[in-house]
Amino acid sequence: MNNNTAENNGTDVVLIGAGIMSATLGMMLKELNPDLKIEVLERLDGAAAESSDAWNNAGTGHSAFCELNYTPEKPDGSIDITKAVRIAESFEISKQFWAYLIKNNIIELPTSFIRNIPHISFVWGNDNVDFLRKRYEAMVQCHLFDEMVYTEDREQLKEWIPLVMEGRDSADPVAATRMDLGTDVNFGALTRSMFDYLQNKCGMETHFGHEVRKLKQMEDGRWRITVKDLQTGEKRKMYTRYVFIGAGGGALPLLEKSKIPEGKGYGGFPVSGQWLRCINRSVIEKHEAKVYGKAAVGSPPMSVPHLDTRYINGKRELLFGPYAGFSTKFLKRGSFMDLPKSIKPTNLRPMISAGLQNMSLTKYLIDQVRQSPLDRIEALKDFYPDARPEDWKLEVAGQRVQIIKKDADKGGVLEFGTEVVSGANCTLAALLGASPGASTAVSIMLSLLERCFMHRINTEEWQVKLKEMIPSYGQSLAGNPALLDQVRSYTSEVLGLVPATAKR
Ligand SMILES: Cc1cc2nc3c(=O)[nH]c(=O)nc-3n(C[C@H](O)[C@H](O)[C@H](O)COP(=O)(O)OP(=O)(O)OC[C@H]3O[C@@H](n4cnc5c(N)ncnc54)[C@H](O)[C@@H]3O)c2cc1C
C-alpha cells in the first residue's frame, strides 16, 4: 500500500457520498449557480449503491397515505395528522423538483423511476378497524388526503387486494383505506440519472472508490479533507469551502471527525433490514398496491410490515418486509467496528440513557434476529394467508442508523427522523438519520440551503430559480387547495402519473 499524499488546489463544495441526498444537493446547487466547482467523494464503485439503491429501500414515495405510524392516536383518542401533513407536503415538493428535471431534459423517462401504485392501509381486529376509521375521518378533512377511500366491505377488498383477502378468516373484522395517488419510486435510478447529468453535462468531478478518512477546518475557514483511493492505497488532501456529509450511515463517524461542537453528543443506533422477495411471477402479477399494516407493539416505526408492488429496472416485483435486525455496521457494506468506534466520551451518556429507555426496542430486535425462515413466512401470512415458502427468497435490505442525541432531562433520546447538523459558520453540514428518507430529500436539501447559503438564498436570482424548480416554493400546500390541485396536475402530467380509478 502506497502512502503518497498529493494535494489539489481546492474546490467550492465537496459532497461526501453518492446517494440521493448528495445528488439532490449537487443538482440544486448547479442549477442555482452553474459556476460552482463541486466534487463528489464516494467509497464504493458507483452511485446509489447503499441505501438509495432500489433493492435496499422500500421505494415508497412517502406521502403519509398509508403509513399508520405518521398519524399517532392522542391520549384523548383523536388522531394527530400533523406529521402526515408535513410529509405529504414534502413529497409534493420532491415531485415538483423531479418534474423540473424532466421538463428541462436533465433526466429522462419518468417511468424509469416513478409510477403510480395505490397506497393501501390494511388492518384487522376491532381496535385497529376503529383506529383506521378515525384516522380516515381526520385525514379527509385535509385537501392533501381528501381523495382517500375507506372500506370494510370484503368484496371491495377482494378487488383491491386479492392476495391479502384470499384464505382470510371471514370472522375477523378488516378495513382498509386507499389512495390512488400513491407512488413507487426507484430512488437508485433517479440518483444515478442525476449523477450522470452532473458528471457529463455540468463537469462535476466524481471520485468513486475514494473513502474520506479525515476532515479538518483550516485557519482560513476552508476544510482539508483526507481521502484514500481504495484501489491504489494513495492518500490525497483536498481543500474546499463547503462540505456536505451525505454519507448515509457513514455520516456520524465523519461528523465526529470534523470536531464541530454542534456534532458532539450524537450517537447512532443501527437497524438492519431484510425482505422476502417473491420469485413466483404469477403471484407477483396478482398484486398491485403497497399495503401497509400496523406496527407490532414495541417495534420501531420504520419496521411496519408492508406487501409492496415494486417496479425495478422495468420489471414488476413483489416484496414483503422489512424484518428488522441488529448489526453493528453503519453501512450495508460497512465494518462491524462501525458502532464500537463511534462511541466517544461525549456520546456515551446519551447512548446508555437511550439504550435503557428503549429496552422494548432491543427486545423486539433480538426477537427479529432470532426468527426462523418459517417465522418469517408466518409474519407474511398475516398479509397473504395463502403464501407458500417456496415462492419467496430472503434478501438483505439497506442499513439505517437512527439518531441518538443528548437530552437535558433524559440524558439521551433515540429519534427516528432525519436531522441536518451544521457548524463552523455553516461551512459543514451532515445529514443524520434515515426516515422518511429519500422521499423528502428535496425538502431536506432546501432547508440545508436556507441554513448554509443564507447570503444567497434571498437574492432575487436564487428566489426566481427556486420558484422555477419548485413552483410552490415558500407556500403551504395543505392550506391552499387551489395551489395543491394546480401543482398535483402539473406533476402528474410531467411525471406520467395516471392513477387507476379506485373501484368504489
Ligand atoms: C430498509 C430501508 C427501507 C427504506 N425505505 C424507504 C422508502 O420506502 N422510502 C423512502 O423515501 N426512503 C426509504 N428509506 C430511506 C432511504 O433509503 C434513505 O433515506 C436514503 O437512501 C439516504 O440517502 P443518502 O444519500 O443519505 O445515503 P446513501 O444512499 O446510503 O448514500 C451514502 C453514500 O455515502 C457513501 N459513504 C459512506 N461513508 C463514506 C466515506 N467515509 N467516504 C466516502 N463515501 C462514503 C456510501 O458508500 C454511500 O454510497 C429506506 C431505507 C432503508 C434502509
Worksheet item: Do any cysteines of the chain lack a neighbour Cys whose Cβ is under 4.7 Å away, and which are they?
Response: 66, 142, 202, 278
Worksheet item: Where a ≥ b ≥ c are the square roots of the eigenvalues of the C-alpha gyration tensor, would you call segment 277-382 rounded, which needs a/c under 1.5, or, failing that, prolate if a/b is larger than b/c, or oblate?
Response: prolate
Worksheet item: By how many nm would the segment from residue 220 to residue 259 lengthen if fully extended, with 0.36 nm per residue of separation less the alpha-carbon distance?
Response: 12.4 nm
Worksheet entry | Sequence-distant residues sharing a close amide H with residue 435 (under 5 Å, placed H) | 418
Discussion item. How large a share of the accessible area of the chain, in percent, is made up of carbon and sulfur atoms when the probe is 1.4 Å and the other protein chains stay in place?
Written reply: 50 percent
Worksheet item: If you take every DSSP beta bridge whose two residues both sit in the chain, what share of them, in percent to the nearest 5, is antiparallel?
Response: 75 percent
Worksheet item: Can you run phi through the Karplus equation (6.51, -1.76, 1.60; θ = phi - 60°) for segment 358-363 and list ³J(HN,Hα) in whole Hz, with x for Gly and Pro?
Response: 10, 4, 5, 5, 4, 5
Worksheet item: Which value, in nm² and rounded to one decimal, describes the direction-averaged projected area of the C-alpha convex hull of the chain?
Response: 23.9 nm²
Response to the item:
Per residue, accessible area of segment 19-59 with a 1.4 Å probe, heavy atoms of protein chains only, in Å², comes to 26 Å²
Practice prompt. Would you kindly derive the ³J(HN,Hα) couplings of segment 370-377 from the backbone phi angles with the Karplus curve 6.51 cos²θ - 1.76 cosθ + 1.60 (θ = phi - 60°), listing them in order in whole Hz, with x for Gly and Pro?
Written response: 7, 4, 8, x, 5, 4, 5, 5
Worksheet item: Is it possible to state the helix-based mean residue ellipticity at 222 nm for the chain, with each DSSP H run of 4+ residues giving -39500 (n - 2.57), the sum divided by total residues, to the nearest 500 deg cm²/dmol? What is it?
Response: -10000 deg cm²/dmol
Worksheet item: Measuring with a 1.4 Å probe in the full set of protein chains, what accessible area per residue, in whole Å², belongs to segment 250-326?
Response: 34 Å²
Practice prompt. Give, as a single signed number, the net charge of other residues whose beta carbon lies under 12 Å from the beta carbon of residue 498, with Lys and Arg counted +1 and Asp and Glu -1.
Written response: -1
Fill in: the chain: angle of helix 481-495 to the longest principal axis, Cα-based, in degrees nearest 10
80 degrees
Worksheet item: Which ³J(HN,Hα) values, rounded to whole Hz and listed in residue order, are derived for segment 82-89 from phi using the Karplus coefficients 6.51, -1.76 and 1.60 in 6.51 cos²θ - 1.76 cosθ + 1.60 with θ = phi - 60°, glycine and proline given as x?
Response: 4, 5, 4, 4, 4, 5, 4, 5
Fill in: For residue 100, net neighbour charge (Lys/Arg +1, Asp/Glu -1) across residues whose Cβ lies under 11 Å away
+2
Discussion item. Run the count for segment 313-406, please: Lys pairs, Cα-Cα under 15 angstrom, 8 or more apart or on different chains.
Written reply: 4
Response to the item:
Taking a ≥ b ≥ c as the square roots of the Cα gyration tensor eigenvalues, with a/c under 1.5 meaning rounded and otherwise prolate when a/b beats b/c or oblate if not, segment 204-276 comes out oblate
Fill in: Nearest 10 degrees, 0 to 90: helix 460-469 Cα axis against the chain principal axis
30 degrees
Item to complete: Roll a 1.4 Å probe over the protein chains and send me the accessible area per residue for segment 356-416 in Å².
Response: 56 Å²
Worksheet, complete the sentence: Taking N as the residue count of segment 347-438, its alpha carbon Rg divided by 2.2 N^0.38 Å gives 1.50
Worksheet item: By its C-alpha gyration tensor, with a ≥ b ≥ c as the square roots of the eigenvalues, how is segment 71-190 shaped: rounded for a/c under 1.5, else prolate for a/b larger than b/c, else oblate?
Response: oblate
Item to complete: Report, by chain and number, residues whose modeled amide H sits under 5 Å from the one on residue 37, excluding near sequence neighbours (fewer than 5 apart, same chain).
Response: 12, 13
Discussion item. Using only Cα atoms and rounding to the nearest 10 degrees, what angle (0 to 90) does helix 187-201 make with the longest principal axis of the chain?
Written reply: 30 degrees
Item to complete: Excluding residues fewer than 8 places away in the same chain, name every one of the lysines whose C-alpha is closer than 20 Å to that of residue 467.
Response: 30, 95, 103
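The values are calculated or read from the model by the stated rules, or taken from the named source; none is laboratory data. Computed from a predicted model, the values in this text were never measured in an experiment. Positions of Cβ are backbone-derived with ideal geometry, glycine not excepted, and every protein chain shown enters the neighbour counts. To get the accessible areas, we keep the full protein, side chains included, count just its heavy atoms, and leave off ligands, DNA and RNA. Shrake-Rupley method; radii C 1.70, N 1.55, O 1.52, S 1.80 Å.
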